[in-house]
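Notes to accompany the following structure.
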Amino acid sequence: MEKSSELKAIFLPFLSTSHIIPLVDMARLFALHGVDVTIITTSHNATIFEKSIDLDASRGRSIRTHVVKFPASKVGLPPGIEAFNVDTPKEMTPKIYMGLAILQKDFEQLFHDLQPDFIVTDMFHPWTADVAAKLGIPRLMFHGASYLARSAAHSVEQYAPHLNVKSDTEKFTLPDLPDRLEMTRLQLPDWLRSPNPYTELMKTIKESEKRSYGSLFNSFYELESAYYEHYKKVMGTKSWGLGPVSLWANQDALDKAARGYAKEEEGKEEEEGWLKWLNSKPESSVLYVSFGSMNKFPHSQLVEIAHALEDSGHYFIWVVRKNGEGEDDGFLEEFEKRVKASNKGYLIWGWAPQLLILENPAIGGLVTHCGWNTVVESVNAGLPMVTWPLFAEHFFNEKLVVDVLRIGVGVGAKEWRNWNQFGSEVVKREDIGNAIALLMDGGEEDVEMRKRAKALSDAAKRAIKEGGSSHNNILQLIQDLKSIKLSKTQTVD
Ligand code: UDP
């Protein structure tokens, strides 16, 4: 007979690689703490993390994936296109949303059939607040962003400071935040600049959050404590930081290598090469250059990055993707040959085992688009960053890294764009080079940044240990959820 103290949970990630990865890590943390976990996803998306789940199950944890078939033929998509990432053709995105809408009924049925005690769903499934209410169980909403980013968006929604400036490039201050943070209109996401359908979606999400038991972030108290408190205050909701989830859920090399590993054929060959190459380099001498799971640059931007890296004189690993826009003139292949011959650089085409790379002692810093997972992973590794925000809430995350934590140098990105567009801005090699120099040249500011990054890395490690903030949060949350279950059982009795 089921014991009333045992908790059964369903986790429902969104259909994008970088939202799936941290939510699955969280699901694994709940399983690590004795909760019975079922992750619901579609077949192709399951390949992103099934190795990790198999590993956990073999360790005796009560965790599994429940796979549902994506209705590709119904929405006119070829098989396998069921996630938002770098490989998603732009014209197919609306069809993926259509498929997701069709799946809603199946998901809802599963919630009824599996009878969980609580559900944890991505923010992009706001309808699950109603289902949880119908089932009389708590819903926790996962945010794929930082507390600062959510607080900043809230500030713009409340006070519209961007409407008080005369031009798109004039700076304004974000009102009512713990720090004085300045931005321009061009750096704001389009849905915050002026209303569009996404603005409506974000409103619905916020409203669903208010009707939830609380929210979960891949963050930790010491990383952004003022914003952690601020967010809870302005939203009037409960929230728990459980990060860094990458560090906590992926303790050994097998976990780290399995993470987000959708493309085995490419990855396996690379692994040997990059590791050997990195191991031959001095400590803290290599830049890791990556722009996440969703970005493609136009060819002209790839050329600027290549020159900046080569001219910097530093070692680098660059995770590079062609843009598929037919501009390719063999430049990147030539570049790869050249930097291989000079032994200065290593190119990884496609997917890189980021966690393993970042923890290698040869890595000395990153060039990053400020995707939230990558920011948390670099903090965890104690590495300073060159920040190059592109889309989503990256420009807000840059504020945290550069202005609040002071562990980064901005490349000077001026313009927000959509994840599946190139935008009009091409950052010049000189600007990229200047930021790299400040980060890697061992100057006074560089030394101070490294000290601060190291202190945060130590704090991250403490947060997930017994007595640490994230550790306490998960224990307390599980205790609360058990009490809710128990009180319901008693009411029924
Ligand atoms: N990632 C990886 N290898 C890659 C690219 C990305 O392992 O080649 C992982 C990275 O470690 C992070 C996630 O994918 O966990 C990317 O999320 P992030 O929020 O940084 O950026 P996004 O993909 O949303 O732009």
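In whole percents, the pair-distance distribution calculated for region 267-423 from its alpha-carbon pairs, binned every 10 Å from zero, is 10, 41, 38, 10, 0. Dividing the convex hull volume of the alpha carbon atoms of region 176-322 by its residue count gives 215 Å³ per residue.
Two decimals, Cα atoms only, Kirkwood Rh: what is Rg/Rh over region 30-70?
0.99
Projecting the Cα atoms of H44, G443, L110 onto the charge dipole of the chain, computed from C-beta unit charges around the Cα centre, puts L110 farthest toward the positive end. Sorting the Cα pairs of the chain by distance into bins of 20 Å, from 0 upward, gives 23, 59, 18, 1 percent per bin.
Legend: calculated FRET efficiency, Q476 to E359, from the Cβ-Cβ distance at R0 = 41 Å, rounded to 0.05, equals 0.90. Using 0.36 nm per residue of separation minus the Cα-Cα distance, give me the extension gain between H66 and K203 in nm, one decimal. Residue separation times 0.36 nm, minus the Cα-Cα distance, leaves 46.3 nm.
Taking neighbour Cβ counts within 10 Å as the exposure measure, how do Y227, Y221 sort from fewest upward?
Ranked by crowding around the Cβ, least crowded first: Y221, Y227.
One chain, two ends: N418 and S487. Fully extended at 0.36 nm per residue, the span grows by 20.2 nm beyond their Cα-Cα distance. Given R₀ = 45 Å, FRET efficiency for S285-R59 by Cβ-Cβ distance, to 0.05? For S285 and R59, the calculated efficiency is 0.80. The residue among G433, P197, A253 whose Cα reaches farthest toward the positive pole of the charge dipole of the chain, with charges on the beta-carbon of Lys, Arg, Asp and Glu, is P197. Spread over its residues, the convex hull of the C-alpha atoms of region 217-260 is 73 Å³ per residue. Annotation: the residues R417, R452, sorted from fewest to most other C-beta atoms within 10 Å of their own C-beta, follow the order R452, R417.
Fraction of C-alpha pairs exceeding 23 angstrom in region 342-434: 26 percent, rounded to a whole number.
The fraction of Cα-Cα pairs per 5 angstrom bin, counted from 0 for region 354-493, comes to 2, 10, 15, 17, 16, 12, 8, 6, 5, 4, 3, 2, 1, 0, 0 percent, rounded to whole percents.
For the residue pairs K51/K276; K90/K296; K171/K399, alpha carbon separations beyond 20 Å are given by K51/K276. Its alpha carbons give region 1-118 an Rg and a Dmax of 15.1, 51 Å.
Here's the list of aspartates and glutamates a cross-link from K414 could span, going by alpha-carbon distance under 13 Å and ignoring same-chain residues fewer than 8 apart: D168, E170, E182, E398, E425, D431. Using a Debye calculation, one point per C-alpha and no hydration shell, please list log10 I(q)/I(0) for region 289-356 at q = 0.21 Å⁻¹ in order. For the requested q values the scattering log ratios are -0.92. Of H299, H125, H112, the sequence from fewest to most neighbouring Cβ atoms within 10 angstrom is H112, H299, H125.
Here, region 93-244 yields an orientationally averaged convex hull projection of 10.1 nm² when only Cα atoms define the hull.
Among the listed pairs K74/K105; K69/K134; K233/K461, those whose Cα-Cα separation exceeds 20 Å are K69/K134; K233/K461. Taking one equal scatterer on every alpha-carbon of region 152-221, how large is log10 of I(q)/I(0) by Debye at q = 0.15 1/Å? Debye intensities relative to I(0), on a log10 scale: -0.59. The share of alpha-carbon pairs in region 453-493 lying farther apart than 11 Å comes to 67%. Taking the DSSP bridge list for the chain and keeping only pairs wholly inside it, about 5 percent are antiparallel. The value of relative contact order for the chain, using C-alpha pairs under 8 Å at least six residues apart, is 16 percent. Extents of region 65-170, taken as max minus min of Cα coordinates on every principal axis and listed largest first, are 53, 38, 19 Å.
No value in this document is a laboratory result; all are computed from the given coordinates. Just so you know, these numbers come straight off a predicted model, no measurement behind them. We place every Cβ from the backbone using ideal geometry, glycine too, and count neighbours over all the protein chains shown.
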